[in-house]
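For reference, the structure is listed below as structure tokens.
Read-outs: derived from the displayed coordinates by stated rules, not from any lab. Keep in mind it's a predicted model, so treat the numbers as computed, not measured. Cβ sites come from the backbone with ideal geometry, for glycine too, and all protein chains shown count toward neighbours.
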Amino acid sequence: MKPKIIVICGPTASGKTALSIELAKKIDGQIISADSMQIYKEMDIGSAKPTKEEMQGIKHYMLDFVLPNKRYSVADYKKDAQTAICEIIKNGKTPIIVGGTGLYIDALIYNIEYQDIEFDEEYRKELEKEVQEKGLETMYELARQIDPEAMKNISKNDKKRILRILEIYKATKKTKTEQEIESRRNEVQYNYQVYALNMPRQDLYERINKRVDIMINQGLVEEVEQILKKYNEYPTALQALGYKEIKEYLEGILTKQEAIDKIKQETRRYAKRQLTWFRKNKQTMWLDAQAPKEENIEIIINNLKEVEK
């Protein structure tokens with residue numbers, strides 16, 4: 001029998017963190033984050049990183065350990081997450097993967113091997129120059145011609161991931177999609193049980209809007225100011241949703257209200273893409289995010305018992 005690993009995924013603001021902590025308390029579990037923003041130090045408010053109080057004594061891995069100006073790839077995540085999985089199992093506890101970054105989750109549940117592609121700084125500078133001269137939409141179309149399947153899940157505003165598609169192709173002469181298809185032939189090491197949270201779209205959007213307002217009140221603007229002051233070079237992490245809009249406000253490109261409205265709009269769009277991504281996985285069991293946590297925990301535990309039979 002392969003060791004069981006629980007995955008709790010779903011769109012942003014759907015309640016994954018709260019559910020996973022209550023579940024971990026019930027089944028003696030420990031949590032591994034699958035969130036591409038929560039890995040970064042000093043980016044607490046905009047990433048909705050759980051506080052020590054919210055963790056309620058449950059050990060969390062893969063949080064708050066990468067500096068904002070450092071590059072961190074999906075291959076890095078997979079390696080570090082697998083190390084965490086081994087440690088949790090060795091300690092006799094149940095690993096619970098929690099997050100909304102589909103790439104991170106797929107890397108684990110499908111055992112996708114990402115080539116350790118060396119970062120070509122000169123080529124990245126060329127791409128950045130192309131963005132300045134021709135616009136990001138032109139680069140998006142170029143990436144879409146190279147890898148249309150991968151680009152279905154990438155926003156036209158997501159410069160980091162658009163340029164990464166181009167970098168992967170230049171370095172390997174293969175598309176990201178081709179690499180994933182080839183690597184999915186590898187045997188999966190663990191028995192991943194995947195659960196996803198969802199709720200009516202309008203309710204989710206209202207939660208997203210409320211969360212953005214809370215982040216602003218908690219000091220998101222000041223958080224971005226501190227990061228920009230601390231790091232001389234522009235941290236790639238500040239291309240993340242919520243941070244890039246506040247940066248545009250601080251640079252005078254947007255008013256504060258325009259930045260807030262843009263964060264809400266882009267986060268709603270991101271949530272829609274997340275749902276599309278997670279629906280591709282046919283093994284996923286969907287849970288009602290608005291149901292009491294106890295009900296969802298009971299569903300998960302009963303399902304795990306069925307798997308064991």
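Tabulated values for the structure
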{"quantity": "Cβ-placed point charges (K, R +1; D, E -1), dipole of the chain about Cα centre in debye, nearest 20", "calculated": "620"}
{"quantity": "Student exercise, region 249-309 dipole from Lys, Arg, Asp, Glu Cβ charges, in Debye to nearest 20", "calculated": "380"}
{"quantity": "Cross-link pairs LYS70/LYS256; LYS16/LYS170; LYS2/LYS59; LYS156/LYS262; LYS174/LYS244 - those with Cα-Cα distance over 25 Å", "calculated": "LYS70/LYS256; LYS16/LYS170; LYS174/LYS244"}
{"quantity": "Cα long-axis angle, helix 121-134 against the chain (0 to 90 degrees, to the nearest 10)", "calculated": "70"}
{"quantity": "Sparse-neighbour loop sites [trypsin sites (Lys or Arg not before Pro); region 63-98; at most 12 other C-beta within 10 Å; DSSP]", "calculated": "ARG71"}
{"quantity": "Estimated dipole of region 121-180 in Debye, rounded to 20 [Cβ of Lys and Arg +1, of Asp and Glu -1, Cα centre]", "calculated": "120"}
{"quantity": "Kirkwood hydrodynamic radius of region 145-208, Cα pairs, Å", "calculated": "14.8"}
{"quantity": "Built amide H within the under 5 Å cut-off of ALA196, gap 5+", "calculated": "CYS9, MET285, TRP286, LEU287"}
{"quantity": "Dmax and Rg, reported as Rg then Dmax, of region 212-264 (C-alpha, Å)", "calculated": "10.3, 29"}
{"quantity": "Whole-number percent relative contact order across region 121-180, with pairs defined as alpha carbons under 8 Å at least 6 apart", "calculated": "31"}
{"quantity": "Cα-only radius of gyration and Dmax that characterise region 149-294, units Å", "calculated": "18.6, 51"}
{"quantity": "Normalised convex hull volume, the chain, alpha-carbon set, Å³ per residue", "calculated": "137"}
{"quantity": "Positive-end residue, the chain charge dipole about Cα centroid, Cβ charges, pick of ALA271, ILE246, TYR231", "calculated": "ALA271"}
{"quantity": "Whether region 121-180 is rounded, prolate or oblate, judged on the alpha carbon gyration tensor where a/c under 1.5 counts as rounded", "calculated": "oblate"}
{"quantity": "Signed unit charges on C-beta, dipole axis of region 119-193, positive-most listed residue GLN193, ASN157, ALA171", "calculated": "GLN193"}
